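A short worksheet on the structure shown next.
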Amino acid sequence: MEHNLKKINNKKTKSGSLDLKNSIIEGVLDGKAKNIVCLDLRKIKGSVSDFFIICHGDSITHVDGINRSIYKKCIANHNEKPWHQEGKANSEWVLLDYVNVVAHIFHNDAREHYNLEGLWADAPTEIIEQ
């Protein structure tokens, strides 16, 4: 039996980065996230993944809900869990690392402080309409 596995960053993933990106965006939209952007890092030297999806929630409960929505969507569409998760304890900045695509879910106050969009300003940015 042949498996459709793609090796990226020495880790295997079943989904292509574009399909995974779209599923994460669906999850973010289902979670009613605010100010959603997608940074395309594929042509950026030194980038750690293909895409960053960045959004925020207005409360800890909202951030947790967005996180759960992304998780459920990626399981349903690709049977994939994140390789790594961080920030769930305080929900100021939750990171879901799917290797090819990394979702950053901020509490609205923390997003301005960390300014990921500014750090990766040379990456093409897609604003996701809600």
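Taken together, the values in this text are just the output of simple stated rules run on the coordinates, not laboratory data. This is a predicted model, so every value here is computed, not measured. Reconstructed Cβ throughout: ideal geometry from the backbone, glycine too, with neighbour counts over all protein chains shown.
Using the Karplus curve 6.51 cos²θ - 1.76 cosθ + 1.60 with θ = phi - 60°, work out ³J(HN,Hα) for each residue of the range 64-70 in order, rounded to whole Hz, and write x for Gly and Pro.
After applying 6.51 cos²θ - 1.76 cosθ + 1.60, I find 4, x, 4, 4, 4, 5, 5 Hz.
Which angle between 0 and 90 degrees, to the nearest 10, do you get for helix 17-30 versus the longest principal axis of the chain when only C-alpha atoms count?
30 degrees
Test of understanding: what is the full-extension gain from E112 to E26, defined as 0.36 nm times their sequence separation minus their Cα-Cα distance?
Contour length minus the Cα-Cα distance gives 28.6 nm.
In terms of modelled amide H atoms, which long-range or inter-chain residues lie less than 5 Å from the amide H of D50?
Here the answer is V101, since their amide H atoms fall under 5 Å of that of D50.
Relative to the Cα centre, what is the charge dipole magnitude of the chain, using +1 at the beta carbon of each Lys and Arg, -1 at the beta carbon of each Asp and Glu, and rounding to the nearest 20 debye?
The calculated dipole for the chain is roughly 560 debye.
Which of the trypsin sites (Lys or Arg not before Pro) found in the range 34-130 are loop residues per DSSP with 15 or fewer other Cβ atoms within 10 Å of their Cβ?
Sites meeting the loop and neighbour criteria: R42, K43, K45, K88.
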